[in-house]
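Inspection log for the structure reproduced underneath, given as structure tokens.
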Amino acid sequence: MNAAADLSFATPGLYAHLAQMSPEDLDQLDFGLIGFDHETLVCQYNRAESEAAGLSAPRVLGQPLFTNVAPCLNNFLVAQRFEDAHDDTAVLDDTIDYVLTLRMRPIKVKLRLLGAPGSAVRYVLVQRKP
């Protein structure tokens, strides 16, 4: 069975599912996924995000998310929420309307920001479809 088949951008408790999925399963998701570690280095980058953003996984993996990969996310709406959740040892699961502006014309998206205290990976999910 495909682990991604029953998951959507809005699935409750999605963080727990993502944390257990293989890179191949993450590539089957119909929304973009960027996973990053405690140093904000990208460690997961799925096919949907690669195709939509026009950046290959080898170009993005190991790069700092908020400075090299997506500086348009380096603000109080996105990066600061991850920092605040980390500082407060709180679970982060926020969905926000956003406009991406890097390397492309402005495009309206929904972002889902996911993190958990003590977790190795935090996620920015990108839904480009309405």
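Details
Condition check ((1) without any contact (Cβ under 8 Å) to a residue 24 or more places away in the chain; (2) touching a Cys at 6+ places or on another chain (Cβ under 8 Å); (3) surrounded by 14 or more Cβ atoms within 10 Å (Cβ to Cβ); (4) within 24 Å of D30 (Cβ to Cβ)) across all residues:
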residue: Q44; (1), (2), (3), (4): no, no, yes, yes
residue: A52; (1), (2), (3), (4): no, no, yes, yes
residue: R59; (1), (2), (3), (4): yes, no, yes, yes
residue: N68; (1), (2), (3), (4): yes, no, yes, no
residue: D88; (1), (2), (3), (4): yes, no, no, no
residue: D94; (1), (2), (3), (4): yes, no, yes, yes
residue: K108; (1), (2), (3), (4): yes, no, no, yes
residue: L113; (1), (2), (3), (4): no, no, yes, yes
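- Residues within the range 33-53 that are polar (S, T, N, Q) and within 16 Å of E83 (Cβ to Cβ), tallied: 1
- Residue within the range 9-20 that is touching a residue at least 24 places away in the same chain (Cβ under 8 Å), open to solvent by 60 Å² or more (accessible area, probe 1.4 Å), closer than 21 Å to A116 by Cα and in contact with a Pro (Cβ under 9 Å, 6 or more places away or on another chain) present: no
- Helices (runs of 4 or more DSSP H) fully within the range 17-130 counting 3 or more residues that are under 27 Å from D6 (Cα atoms) and charged (D, E, K, R): 47-53
- Residues being free of Cβ contacts under 8 Å to residues at least 40 places away in the same chain and out of contact with any Lys or Arg (no Cβ under 9 Å at 6 or more places or on another chain) - total across the range 73-86: 9
The values are calculated or read from the model by the stated rules, or taken from the named source; none is laboratory data. What you are looking at is a predicted structure, and each value in this text was computed from that prediction instead of being measured. Cβ: placed from backbone, ideal geometry, glycine included. Neighbour counts: every protein chain shown. Remember, those area values only see protein heavy atoms, side chains included, never the ligands or the DNA or RNA. Shrake-Rupley method; radii C 1.70, N 1.55, O 1.52, S 1.80 Å.
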